[in-house]
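One structure below.
Read-outs throughout are calculated quantities, based only on the coordinates presented, and are distinct from any laboratory measurement. Keep in mind it's a predicted model, so treat the numbers as computed, not measured. We place every Cβ from the backbone using ideal geometry, glycine too, and count neighbours over all the protein chains shown.
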Amino acid sequence: MNSPSSDPILRVENLTTEFRIKGQWHPAIRSLSFTVGRNETLAIVGESGCGKSITALSIMRLIPPAQGRVAAGRVVLADNDLLTLPEARMEKIRGDRMAMIFQEPMTSLNPVMTIGGQIAEAVRYHKGLSKRDARARALELLEWVRIPAAARRYDDYPHQFSGGMRQRVMIAMALACEPDLLLADEPTTALDVTIQVQILALLAELKERRSMGMIFITHNLGVVASIADRVAVMYGGRIIEEADVESLFDRPTHPYTEALLRSMPRVDQPRAELVPIPGQVPPITTETPGCRYADRCPLAQPRCREAMPPLASVDGSTTHRARCWVRAEPTDEEVFA
Amino acid sequence: MSAILEVRNLSKRFEVRHGFMGTKRTTLRAVDDISFTVEQGESFGIVGESGCGKSTAGRSLLRLVEPSAGEVRYRGENIMSFDKGRMQALRRQIQIIFQDPYASLNPRMTIGATLAEPMLLHGLAGRAELREKIEAALDEVGLPPLAMQKFPHEFSGGQRQRIGIARALALHPQLIVADEPVSALDVSIQAQVLLLMEKLQERRGLSFVFISHDLGVVRHFCDNVAVMYLGRIVEKGPVDSVFEAPLHPYTQALRAASPVPDPRKKITVAKLEGDIASPLSPPSGCHFHPRCPKAMPVCRERYPEWRAVSMQRGVACHLY
């Protein structure tokens with residue numbers, strides 16, 4: 001188990017979420033465990049289909065019941081096990097104690113309601129403020145996220161805002177109730193880099209000021225390096241490596257983490273040979289007893305295909321762990337844990 | 001070295017109706033007086049953010065959008081004067097690949113039929129040898145012969161981009177305009193496709209105009225790069241020198257904002273505040289001046305002239 005020094009805000013234990021495909025249930029995330037501390041940003045990084053977005057939706061209990069279900073595990077936010085709460089209580093927690101922002105803000109904004117009006121509504125719903133107080137609060141929030149001339153733009157509609165400004169509005173709305181935890185799912189992926197950098201700086205500043213925990217989901221290792229305190233790398237529905245951000249980039253230990261770094265062309269270095277990862281991610285409908293990366297891994301040994309390695313300490317570190325028989329040989333204790 | 005493509009003062013303007021019932025008309029200068037040269041066998045990068053005109057520039061090179069002014073010379077001949085027949089013949093020589101191959105593949109045609117079409121259209125293969133040629137084209141991009149009988153939806157994004165490349169290569173072009181060819185792909189797949197394109201370039205001596213928003217990909221794939229901002233080229237030169245020591249404050253900002261996988265080199269906001277202006281109403285003078293930390297009074301008044309700072313590098317900025 002994780003043992004961060006301070007009390008975590010969020011504790012996820014053995015979370016498994018399944019999806020029904022052709023009448024069969026298949027796990028999209030498999031027995032996931034991690035914590036997020038106060039004033040800490042945990043980046044969850046991985047490629048398409050690794051389960052990173054499903055993780056966030058499971059925590060928010062937003063998995064569409066027609067297709068999926070959380071099959072096992074606990075999600076503990078401030079002593080509440082979210083998975084056992086009635087939906088009515090959950091609705092109060094969502095947007096209040098925890099909030100989420102997405103890649104495309106336009107799909108989460110109401111196109112026929114003014115920007116200010118939408119934020120004010122959220123504040124009134126959760127905090128029961130009067131119309132007047134809610135308006136003042138919404139304006140304050142717009143100023144917080146540095147919408148220029150916020151008072152003048154309060155009555156604008158979403159289509160009058162640029163992509164970056166809309167994402168600022170989403171952040172304002174998410175932070176309206178000063179949540180303990182913010183889940184950000186690829187919030188800057190659709191933005192130009194000069195706008196992305198502004199949003200990353202804003203999120204880092206607000207996290208610090210509110211002493212909030214943040215889960216930042218991305219596929220971009222460059223973004224991870226600039227926003228994360230800790231990193232969890234996901235592959236095939238599992239965390240295959242976790243570490244503080246410096247250790248992860250200094251000593252990528254799982255062959256997949258290493259391969260991801262070597263396949264990324266870098267703007268800060270002269271041209272180096274790119275090493276692509278051969279093959280493709282196995283579909284979630286395929287079960288394997290061993291490591292799901294084994295078929296693409298240059299270091300794979302017979303045992304990699306026979307049994308799934310546990311998350312084991314890298315060189316005795318308490319914070320850096322990897323799931324690899326070859327690179328992070330587990331102790332007997334770790335194998336049977 | 002000889003130039004395969006010379007672009008001189010190319011512009012593309014659109015008349016845009018807007019306002020109540022479309023009563024207002026504005027001229028949008030999507031591409032505004034750009035010039036560059038692509039040498040035989042070179043990869044020339046065009047980099048910039050949304051609305052900078054890089055995609056319109058790419059399409060203008062093939063006259064997929066008709067340029068408003070300027071010249072595009074392919075092997076010394078101005079293609080602006082070509083009639084329909086000559087343009088069609090030229091499109092054998094110049095091919096384009098797009099970001100989303102799914103949108104450019106017919107969902108109801110098998111991959112074999114998709115690849116056969118251009119070969120038959122341009123009379124490059126008879127019915128008899130068609131199958132063989134298609135197999136060779138698939139093999140060249142690393143797909144099995146079996147792929148021929150399948151439909152686009154049966155492939156992953158990376159495989160579809162391989163099919164897009166196979167189709168572009170079917171006619172043995174000399175120059176490929178690649179518009180964000182790897183932007184929709186995961187990094188590991190992106191690397192596979194980049195390597196494939198490098199291999200093909202080497203084997204066939206292809207030249208590329210490579211359009212991307214990703215500076216890392218451009219530095220990896222290209223020899224020279226032009227940086228565009230709101231329709232104009234603001235800086236040009238060899239990739240290493242442009243990205244190691246950018247001259248234009250916009251290139252500097254773009255470089256500083258590009259994420260790198262190193263937590264000790266956190267990307268910085270510099271002093272780049274504000275949004276990218278709308279190309280419909282670009283700021284006066286230098287389009288970048290409202291966001292520029294080094295703006296001077298003259299920047300508001302006059303667009304800076306292009307200045308060659310060395311044999312290979314040039315910049316449009318009043319600082320130089």
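Quick one: net charge around B:Pro152, please, counting Lys, Arg +1 and Asp, Glu -1 for every other residue with C-beta under 10 Å from its C-beta. After counting each charged neighbour, the total is +2. Comparing mean-square fluctuations of B:Ile46, B:Ile267, B:Ile163 from a GNM of chain B with C-alpha springs under 10 Å, the top value falls on B:Ile267.
If we count every other residue with Cβ under 10 angstrom of B:Gln174's Cβ, Lys/Arg +1 and Asp/Glu -1, where does the sum land? Overall, the nearby charge balance is +3. Less than 5 angstrom separates the built amide H of B:Ile46 from those of B:Phe210, B:Ile211, B:Ser212, B:Ala226, all sequence-distant by 5 or more or on a different chain. Averaged over the residues of A:273-282, the number of partner chain Cβ atoms lying within 10 Å of the residue Cβ comes to 5. Restricting the trypsin sites (Lys or Arg not before Pro) of the stretch A:1-72 to loop positions (DSSP other than H, G, I, E, B) with no more than 14 neighbouring Cβ atoms within 10 Å leaves A:Lys22. Amide H contacts for A:Ile101 (H built 1.01 Å from N in the peptide plane; partners 5 or more residues away or on another chain; cut-off under 5 Å): A:Leu183, A:Ala184, A:Asp185.
Of the trypsin sites (Lys or Arg not before Pro) found in the stretch A:251-337, the ones in coil according to DSSP and having at most 16 other Cβ atoms within 10 Å of their Cβ are A:Arg271. A dipole drawn for the protein assembly as shown from +1 and -1 charges on Cβ atoms has a positive end, and of B:Gly85, A:Thr35, A:Ala172 the residue lying farthest that way is B:Gly85. Placing pseudo-labels 7 Å out from each Cα toward the beta carbon at B:Asn106 and B:Asp139 gives an inter-label distance of 2.6 nm. Quick one: of A:Lys52/B:Lys150; B:Lys266/B:Lys294; A:Lys22/B:Lys150; B:Lys84/B:Lys150; B:Lys54/B:Lys150; A:Lys22/A:Lys92, which pairs are farther than 26 Å apart, Cα to Cα? Over 26 Å Cα-Cα: A:Lys52/B:Lys150; B:Lys84/B:Lys150; B:Lys54/B:Lys150; A:Lys22/A:Lys92.
Loop-located GluC sites (Glu not before Pro) in the stretch A:207-283 (DSSP state other than H, G, I, E, B) with a sparse environment of at most 15 neighbouring Cβ atoms within 10 Å: A:Glu273.
Would you calculate a helix-derived [θ] at 222 nm for chain B, using -39,500 (n - 2.57) for each DSSP H run of n ≥ 4 and dividing by the full residue count, to the nearest 500?
Helices in chain B give a 222 nm mean residue ellipticity of -9500 deg cm²/dmol.
Short-range pairs are left out: with C-alpha atoms under 8 Å and at least six residues apart, the relative contact order of chain B is 20 percent.
What separates the Cα centres of the stretch B:176-216 and the stretch A:249-286 is a distance of 17 Å.
With θ taken as phi - 60° and the Karplus curve 6.51 cos²θ - 1.76 cosθ + 1.60 applied, the whole-hertz 3J(HN,Hα) list for the stretch A:112-124 is 9, 10, 5, 4, x, x, 5, 5, 4, 4, 4, 5, 5 Hz, x standing for glycine and proline. Over chain B, with a Gaussian network built from C-alpha contacts below 10 Å, which listed residue (B:Pro152, B:Pro261, B:Pro279) shows the highest mean-square fluctuation? The residue with the greatest mean-square fluctuation here is B:Pro261. The amide H of A:Glu40, built 1.01 Å from its N in the peptide plane, has A:Gly213, A:Met214 as neighbours under 5 Å, considering only residues 5 or more places off or on other chains.
Ranking B:Val72, B:Gln149, B:His18 by how far each Cα lies toward the positive end of the dipole of the stretch B:3-315 (charges on Cβ) leaves B:His18 at the top.
With helices as the sole contributors, chain A gives -9000 deg cm²/dmol at 222 nm; each DSSP H run of n ≥ 4 counts as -39500 (n - 2.57), and the sum is divided by every residue. Here the Karplus curve 6.51 cos²θ - 1.76 cosθ + 1.60, taken at θ = phi - 60°, turns the phi angles of the stretch A:233-250 into couplings of 9, 10, 8, x, x, 10, 6, 9, 7, 9, 6, 5, 4, 5, 4, 4, 7, 6 Hz, with x standing for Gly and Pro. Length gained on full extension, B:Gln88 to B:Leu171: 28.7 nm, using 0.36 nm per residue less the C-alpha separation. Relative contact order of chain A, taken over Cα pairs closer than 8 Å and 6 or more residues apart, is 19 percent.
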